[in-house]
Amino acid sequence: MDSQTSQQPRSTGLVVQLLGRPCLQVEGEGGYRFRSRKSWAVLAFLLLGERPPTRSRLASLLFADADDPLRALRWSLAEIRRGLGPGAVLDGDPVHLTLPPGAIVDVDVLVHGHWREAVDLPGLGEDLLDGLGVQNAAAFESWLLSARRRLATATESILHEAALGHLARGELDRARDLALQATVLSPLDENHQALLIRLYRLAGDDHAAELQFAAWSATAERELGTPPGAAVRLAMRERRLSADAVDVTSIQAIVEAGEAAVAAGAVSAGVRSFETAVRLADRSDAPRLRVETRLVLGQALIHSLGGLDEEGVANLTEAEGIALGNGDAEPVARARTELGYVDFLRARYDRAERRLGQVLAQGAEPSTLAKAMTYLGSVVSDRADYPRATCLLHEAMELSRTALEPRREAYCLSMLGRISLLRGDLAEAAVQLRAAMELAERTHWLSFLPWPQAFLGQVRLHQGDVHGAAATLEQSFARACQIGDPCWEGISAHGLALVAEAAGDIDGAFTTLLDARARSHRLADSYAWLDVHILDAVCTLGRRHAHAGTPGWVAEMRERASRTGMRELNVRALLHGAALGDAGDAALAGLLADEIDNPMLPPLVTALAEP
């Protein structure tokens, strides 16, 4: 288990720096300098790729203009071996790379390491392979753009996570500096703004908080056409930290009152009770109450419908830190599970996998394990590793049964149904989605029904039952609107748009799809995958009907999918770009599609190659 002070061991051996100007260091000194830029390109592709590429693919990616592409590749591989030293292994077809023991790669620390290590990277915030241009390699340039976007998002995530980590340790000045860096990298992310304002308020700098709130209000109105969201408004309510002692006998009663309010649907009243409990616990000397009050508050904020995830994340991070200091493993697992869920929603998949993987590796109570496994399966599904996602979700179903949690089993079934739908297995999808709906109805989880029902509507549409699809999706949409869930509304409206196109109402399809996007991300804590999934449908419809807005939609989808590592949606964005005439996108789409186990993709790649 991570402790508050543990760090990854530093090596005095090989260090590979790919952020900024690339270089090798050995024993703290400058290492071998590659003579060819393409050697750096090959090394970066091998280190960041999802799986080892074949030699022919790698040669076509970077050396297609050479007289003998495979020979040119062999020369670069030999140069890389020389640079990495005798402890490295680089050979085979596909090409496998094994670094020397103890080697450090900055991009690996950024993506998979602890924030305490990542924030100290020399090239943090700089571009991957900065200043390195590769000629006559359009497919590689497309890949490099995607990789740079993904690492920029990873940098932003690390800064935000590090700010929360320092906040949990009471280091407000350092936390504020990191939060400022995150807002500079992504000035339109409301969660960064909420964290920065909260830090100002906790430090007692109310004037700075008011200025930041006013600046964000103006920016949000100008750039997004919306007022400040719930997360920022809640941050403005934060109070300065207090160390006054207090009698703690009533804290548990306040927590119980909050839980009863949330269970009855009065989330706002419950949250107010939990906030009071947290303040009282902080003025006591009861560490376990400080943890428990933050856990219940964080969970209530995250699973409400008010866009309050950022405040929930702050409380959960604090709970994790306190529990770690006390050596209390179960609360740590609970906090990390919920934090992983928020990372999943925000498409910070590497961070989500790290947190959820820690929970599964360290063990926890059956309910916590079932939840962590469910979220991890959903993360892996979003990243289009469908075989692994299927295994995780089936295992999560078994854990949910052990924990007597049929609602979680219903959620797993819905995600399995989504995978089957995306892979074209309509019969299996229908079975899984109907089972999810039946479990939800049996357990009176009516607020969940629109999600599997919307996918079931799409299954019926693909099966040719346009009338049945329309009826199913209309009911799903009506339920979603009654609940007021942006995600459920978005997926239901997405399906209704597909029905409209099938019925020949093209204008209605465009209007409904764009409305679906607006609904799905009207809150700061919206589900990122869903927005890009809907955008894919917009691009498809735009291409099919030659809409003037299609190039802009394709560019936006490319940027969103590549930044987050949504592999299949990135391939689909590349296919859209290729259809609009981008040769680099066409070549890269074929390469990346081979890495995804989805029988629906090869026909799309083949169709693109046909004259």
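The values are calculated or read from the model by the stated rules, or taken from the named source; none is laboratory data. Since we're looking at a predicted model, the values are computed, not measured. Methodologically, a virtual Cβ is constructed for each residue, glycine included, from the backbone with ideal geometry; neighbour enumeration extends over all protein chains shown.
Mind counting the residues in the range 369-394 that are farther than 20 Å from residue 597 by Cα and either of a type in the set (Asp, Glu) or crowded, with 24+ Cβ neighbours inside 10 Å (or both)?
Final tally of qualifying residues: 6.
Which members of the range 570-585 meet the condition of being at pLDDT 90 or above and either in a helix (DSSP H, G or I) or β-branched (Val, Ile, Thr) (or both)?
Answer for the range 570-585, where residues must be at pLDDT 90 or above and either in a helix (DSSP H, G or I) or β-branched (Val, Ile, Thr) (or both): 570, 571, 572, 573, 574, 575, 576, 577, 578, 579, 585.
Taking the range 333-350 as the search range and keeping residues that are touching a Leu at 6+ places or on another chain (Cβ under 6 Å) and hydrophobic (A, V, I, L, M, F, W, C), which one is surrounded by the most Cβ atoms within 10 Å (Cβ to Cβ)?
335
Exactly one condition in (1) among the charged types (D, E, K, R); (2) touching a residue at least 40 places away in the same chain (Cβ under 8 Å); (3) in contact with a Ser or Thr (Cβ under 8 Å, 6 or more places away or on another chain) is not met by residue 310; state its number.
(3)
Return the only residue of 558, 543 being crowded, with 23+ Cβ neighbours inside 10 Å, among the charged types (D, E, K, R) and at pLDDT 95 or above.
558
When you scan the range 583-601, do you find a residue that is free of Cβ contacts under 8 Å to residues at least 12 places away in the same chain and over 30 Å from residue 190 (Cβ atoms), even just one?
No, the range 583-601 contains no residue that is free of Cβ contacts under 8 Å to residues at least 12 places away in the same chain and over 30 Å from residue 190 (Cβ atoms).
Going by the structure shown, is residue 548 part of a loop (DSSP other than H, G, I, E, B) and over 22 Å from residue 56 (Cα atoms)?
Numbers: part of a loop (DSSP other than H, G, I, E, B): yes; over 22 Å from residue 56 (Cα atoms): yes.
Yes: the conditions hold for residue 548.
Answer yes if at least one residue in the range 143-154 is more than 20 Å from residue 107 (Cβ to Cβ) and either free of Cβ contacts under 8 Å to residues at least 12 places away in the same chain or buried (at least 22 other Cβ atoms within 10 Å of the Cβ) (or both), and no otherwise.
Taking the range 143-154 as the starting set, the residues that turn out to be more than 20 Å from residue 107 (Cβ to Cβ) are none.
No: the range 143-154 contains no residue that is more than 20 Å from residue 107 (Cβ to Cβ) and either free of Cβ contacts under 8 Å to residues at least 12 places away in the same chain or buried (at least 22 other Cβ atoms within 10 Å of the Cβ) (or both).
When the range 514-529 is examined, which residues are found to be assigned to a helix (DSSP H, G or I) and aliphatic (A, V, I, L, M)? Working first, answer last.
Here is the first cut: in the range 514-529, the residues assigned to a helix (DSSP H, G or I) are 514-520, 528-529.
Within the range 514-529, 514, 516, 518, 528 qualify.
So which helices (runs of 4 or more DSSP H) are wholly in the range 146-245 and hold at least 1 residues that are over 22 Å from the mean Cα position of the chain (by Cα) and more than 30 Å from residue 280 (Cα to Cα)?
The qualifying helices (runs of 4 or more DSSP H) are 206-219.
Just name the residue that is farthest from residue 545 (Cα to Cα) out of those in the range 494-509 that are free of Cβ contacts under 8 Å to residues at least 40 places away in the same chain and touching an Asp or Glu at 6+ places or on another chain (Cβ under 9 Å).
Step by step, filter the range 494-509, then rank; the result is 496.
Please state which one of 89, 119, 109 is among the β-branched types (Val, Ile, Thr) and either within 24 Å of residue 61 (Cα to Cα) or in the same structural domain as residue 317 (by TED's automatic domain parsing) (or both).
Among 89, 119, 109, only 89 is among the β-branched types (Val, Ile, Thr) and either within 24 Å of residue 61 (Cα to Cα) or in the same structural domain as residue 317 (by TED's automatic domain parsing) (or both).
Name the helices (runs of 4 or more DSSP H) wholly within the range 308-365 that hold at least 1 residues that are assigned by TED's automatic domain parsing to the domain that holds residue 193 and more than 23 Å from residue 415 (Cβ to Cβ)?
Where helices (runs of 4 or more DSSP H) fall fully within the range 308-365 and carry at least 1 residues being assigned by TED's automatic domain parsing to the domain that holds residue 193 and more than 23 Å from residue 415 (Cβ to Cβ), they are 309-326, 329-345.
Taking the range 187-225 on its own, how many of its residues are surrounded by fewer than 18 Cβ atoms within 10 Å (Cβ to Cβ), in contact (Cβ under 8 Å) with a residue 12 or more places away in the chain and not charged (D, E, K, R)?
Residues in the range 187-225 being surrounded by fewer than 18 Cβ atoms within 10 Å (Cβ to Cβ), in contact (Cβ under 8 Å) with a residue 12 or more places away in the chain and not charged (D, E, K, R): 6 in total.
Scan the range 398-428 for residues that are closer than 16 Å to residue 452 by Cα and of a type in the set (A, V, I, L, M, F, W, C) and jot them down.
410, 412, 413, 415, 416, 419, 421, 422, 426, 427
Rundown of residues vs (1) touching a Cys at 6+ places or on another chain (Cβ under 8 Å); (2) crowded, with 22+ Cβ neighbours inside 10 Å; (3) farther than 14 Å from residue 234 by Cα, yes/no style:
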{"position": "271", "(1), (2), (3)": "no, yes, no"}
{"position": "277", "(1), (2), (3)": "no, yes, yes"}
{"position": "282", "(1), (2), (3)": "no, no, yes"}
{"position": "285", "(1), (2), (3)": "no, no, yes"}
{"position": "293", "(1), (2), (3)": "no, yes, yes"}
{"position": "303", "(1), (2), (3)": "no, no, yes"}
{"position": "306", "(1), (2), (3)": "no, no, no"}
{"position": "311", "(1), (2), (3)": "no, yes, no"}
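For the range 57-143, please list each of the helices (runs of 4 or more DSSP H) lying entirely inside it that holds at least 1 residues being of a type in the set (S, T, N, Q).
Working: elements: 69-84, 106-112, 115-118.
The qualifying helices (runs of 4 or more DSSP H) are 69-84.
Could you please give the count of residues in the range 12-54 that are over 28 Å from the mean Cα position of the chain (by Cα), at pLDDT 90 or above and at positive phi?
The number of residues fulfilling the criteria is 0.
When you scan the range 515-529, do you find a residue that is free of Cβ contacts under 8 Å to residues at least 40 places away in the same chain and under 16 Å from the mean Cα position of the chain (by Cα), even just one?
Yes; the residues of the range 515-529 include at least one that is free of Cβ contacts under 8 Å to residues at least 40 places away in the same chain and under 16 Å from the mean Cα position of the chain (by Cα).
Just to check your reading of the model, which residue among 611, 551, 599 is surrounded by fewer than 15 Cβ atoms within 10 Å (Cβ to Cβ) and modelled with pLDDT of 95 or more?
Details: 611 fails: modelled with pLDDT of 95 or more; 551 fails: surrounded by fewer than 15 Cβ atoms within 10 Å (Cβ to Cβ).
Only one candidate qualifies: 599.
Looking at the range 354-373, which of its residues are closer than 24 Å to residue 530 by Cβ and in contact (Cβ under 8 Å) with a residue 40 or more places away in the chain?
Answer for the range 354-373, where residues must be closer than 24 Å to residue 530 by Cβ and in contact (Cβ under 8 Å) with a residue 40 or more places away in the chain: just 354.
Would you mention how many residues in the range 398-426 are farther than 23 Å from residue 537 by Cβ and either of a type outside the set (D, E, K, R) or touching a His at 6+ places or on another chain (Cβ under 9 Å) (or both)?
The qualifying residues number 10.
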